[in-house]
Amino acid sequence: MIHTFDWEQLPHFLAVARAGSLRAAADLIGANYGTVNRSVQALEASYGVRLFHRSRKGFTLTEFGEALLPMAEDAERAVIAARKRVEGQDKSESGRIRFSITPTLAFDFVAPLVARFSEAYPNIDIEFRLTPAVESISGDETDVSLRAAHAVSEDV
């Protein structure tokens with residue numbers, strides 16, 4: 001019998017193991033509930049074992065699921081590492097980085113670092129916004145925001 005790789009099912013297995021339910025797993029990875037359910041069932045059928053105990057409280061790993069979990073996590077790390085190593089290799093580093101920073105930090109700490117960075121990556125433009133305000137990265141006001149603070153709140 002020829003077995004296929006489980007590349008498509010393993011992320012769903014990991015999501016259910018991490019989230020504890022099909023619906024939470026689907027939300028976690030931005031997938032459809034039915035797709036996650038079918039993937040888990042296909043993986044279990046492929047291995048010929050149950051990977052999860054199912055109850056009203058959610059999904060917990062069986063002994064077979066526990067055995068698979070570290071190997072699935074290793075596979076996930078390997079795929080992520082491969083992507084990081086290869087992604088963008090056919091492109092040169094270029095573009096713009098918007099940097100929001102206070103004037104004191106800009107002149108005293110960051111300027112020397114940016115000078116070295118610019119020498120190494122001449123096709124990347126760094127745009128400084130000198131401001132005491134915290135600009136939003138998630139709101140696309142800036143790409144990097146650097147501040148000195150005693151406490152951090154919300155998504156800062």
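The values are calculated or read from the model by the stated rules, or taken from the named source; none is laboratory data. Not measured: the values here are computed from a predicted model. Note: ideal-geometry Cβ built from the backbone for every residue, glycine included; neighbour counts use all protein chains shown. For the accessible areas, the whole protein counts, side chains as well, though only heavy atoms, and no ligand, DNA or RNA atoms are used. Shrake-Rupley method; radii C 1.70, N 1.55, O 1.52, S 1.80 Å.
Working note: Cα atoms of region 62-132, range along each principal axis, descending, whole Å: 57, 33, 16.
What you get for region 26-156, charging only the Cβ of Lys and Arg (+1) and of Asp and Glu (-1), is a dipole of about 440 debye around the Cα centre.
Each residue of region 69-82 is assigned a 3J(HN,Hα), and the resulting list reads 3, x, 6, 5, 5, 4, 4, 4, 4, 5, 5, 5, 5, 4 Hz, derived from the Karplus form 6.51 cos²θ - 1.76 cosθ + 1.60 (θ = phi - 60°), x at Gly and Pro. In region 1-144, taking the dipole from charged Cβ atoms about the Cα centre, the farthest positive-side position among ALA75, PHE59, THR142 is held by PHE59. Heavy-atom accessible area with a 1.4 Å probe sorts PHE64, PHE109, largest first, into PHE109, PHE64.
Normalised by 2.2 N^0.38 Å, where N is the number of residues, the C-alpha radius of gyration of region 11-53 stands at 1.03. Couplings 3J(HN,Hα) of region 10-23, computed from phi: 4, x, 5, 4, 4, 5, 5, 4, 7, 8, x, 7, 5, 5 Hz, in residue order, whole Hz [Karplus 6.51 cos²θ - 1.76 cosθ + 1.60, θ = phi - 60°; x for Gly and Pro]. Only one of (1) 9.5; (2) 14.2; (3) 12.7 was calculated from the structure for mean projected area of the Cα convex hull in nm², and its label is (2). Here is how the number arises for the chain: DSSP H runs of 4 or more residues each give -39500 (n - 2.57), the sum is divided by the residue count, and the result at 222 nm is -13500 deg cm²/dmol.
Estimated at the nearest 10 Å², the accessible area of ARG77 is 140 Å² with a 1.4 Å probe.
A cut-off under 15 angstrom between Cβ atoms defines the neighbours of PHE64, and their net charge, with Lys, Arg +1 and Asp, Glu -1, is -2.
Let me make sure I get this right: for region 22-109, a, b and c are the square roots of the gyration tensor eigenvalues over alpha carbons, sorted descending. Under 1.5 in a/c it's rounded, otherwise prolate if a/b > b/c, else oblate. Which is it? Taking the square roots of the gyration eigenvalues as a ≥ b ≥ c, region 22-109 is prolate. Electrostatic bookkeeping for VAL114 treats Lys and Arg as +1 and Asp and Glu as -1; over the other residues with beta carbon under 12 Å from its beta carbon, the sum is -2. Computed over the chain with a Gaussian network model linking Cα atoms closer than 10 Å, the most mobile of ALA42, ALA81, ALA111 is ALA111.
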